[in-house]
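Chemist: Take this structure, written in C-alpha cells, and hold onto it; I'll ask about it next.
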Amino acid sequence: MRYHEIIKEDAAVDGLMSYWDLVDHFGLKDAADKLHDASLPWINRNAPAAITRLAANKKMRLLCKLNLFCTLEGPRNYSQAWATPEMFEQSLHKPVTMWRGGGGVYDPDHAYSLPWTSFTVKEGRAQTFSKYDGTRATRTFSLPLRDQYWIVKLVLPLDSILLYLPHGSDEEVIVSVEDARKAEVVVQTEKGMRDAVS
C-alpha cells in the first residue's frame with residue numbers, strides 16, 4: 001500500500017475529508033470546474049455582468065463559501081484530509097473580517113453603484129487600493145500616493161458572502177450592497193495628508 005493510500009484510509013476512519021472530497025460531497029464539482037474561467041471577465045476587464053451571473057448561481061455561491069472556509073482555516077494542500085462537512089456547515093455562522101479602500105472621502109451612498117461590491121480578506125490589499133492611485137507593484141516602481149483616502153472594515157458571517165475570488169493576491173470577497181453599507185470606517189485621512197502617511 002502506498003503512503004497516500006494509507007493517509008486516505010486513515011482519514012476515512014476519522015471522517016476527515018480533503019477540499020476535493022468536500023467539493024464532491026456537496027455536489028460542486030461542475031461549479032469548481034467552471035469558477036475560474038467564469039470569473040475571468042471580471043478579473044481581466046472588470047465586467048460586472050460576470051459577477052452578477054456567478055452570484056445568481058447557488059452552487060457557485062456555496063463553492064465560494066467552501067473555498068473561503070478552506071483558505072481561512074485549512075491547509076494549503078487541497079488534497080490533505082482535514083475537515084468534515086459538519087465543520088464547514090458550522091463555519092457558515094463564524095465571522096469573516098473584510099476590508100475595502102478608496103480615494104477621497106468615504107460616502108456609502110456613492111461608494112456602491114451595483115447591487116454587490118468587492119471587499120478583500122487581506123488588510124494589506126485594502127491599504128494598497130486606498131493609499132495609491134492604482135496598484136503599487138514594487139518599492140522601486142511605486143505609484144503616487146493619493147492626497148486623501150479611506151479604509152472600511154466589514155465583519156459578516158461566512159454564509160452572508162456572495163462570492164470569493166482568490167485570483168492574484170486580491171483575495172476578493174463579493175458581498176451585497178446592503179451588507180456593504182454596514183462597514184465601519186477605520187481610516188479617513190484629511191486632504192493633504194499624503195506626506196504624513198508615506
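Chemist: Can you run down the residue pairs with Cβ atoms below 8 Å, 6 or more apart or on separate chains, where the first is in the stretch 119-133 and over 16 Å from residue 190 (Cα atoms) and the partner is part of a helix (DSSP H, G or I) and hydroxyl-bearing (Ser, Thr, Tyr)?
Modeler: Filtered contacts from the stretch 119-133: 121/71.
Chemist: Within the stretch 1-19, which residues are at pLDDT 95 or above and either surrounded by fewer than 12 Cβ atoms within 10 Å (Cβ to Cβ) or within 19 Å of the chain's Cα centre (by Cα) (or both)?
Modeler: Within the stretch 1-19, 19 is the sole residue that qualifies.
Chemist: Next question. May I ask you to list pairs of residues, at least six apart or on different chains, whose Cβ atoms are under 6 Å apart, with the first in the stretch 75-89 being closer than 14 Å to residue 20 by Cβ and the second being at pLDDT 95 or above and hydroxyl-bearing (Ser, Thr, Tyr)?
Modeler: 78/19; 79/18; 80/18; 81/18
Chemist: Pairs, please: C-beta under 6 Å, at least 6 apart or cross-chain, first residue part of a helix (DSSP H, G or I) and in the stretch 19-38, second basic (Lys, Arg)?
Modeler: From residues that are part of a helix (DSSP H, G or I), the pairs are 23/29; 31/59.
Chemist: Do we find that residue 54 is part of a helix (DSSP H, G or I), in contact with a strand residue (DSSP E or B) (Cβ under 6 Å, 6 or more places away or on another chain) and on the phi < 0 side of the Ramachandran plot in this structure?
Modeler: So residue 54 passes the test.
Chemist: Would you please list the contacts, defined by Cβ atoms under 9 Å and residues six or more apart or on different chains, that run from a residue in the stretch 154-181 that is aromatic (Phe, Trp, Tyr) to a residue that is in a strand (DSSP E or B)?
Modeler: Filtered contacts from the stretch 154-181: 164/172; 164/173; 164/174.
Chemist: For residue 76, all conditions in the list (1) touching a strand residue (DSSP E or B) at 6+ places or on another chain (Cβ under 7 Å); (2) charged (D, E, K, R); (3) outside the structural domain of residue 148 (by TED's automatic domain parsing) hold save one; what is the number of the exception?
Modeler: The number of the failed condition is (1).
The values are calculated or read from the model by the stated rules, or taken from the named source; none is laboratory data. From a predicted model like this one, the values you see are computed outputs, not experimental measurements. Virtual Cβ from ideal backbone geometry, glycine too; neighbours counted across all protein chains shown.
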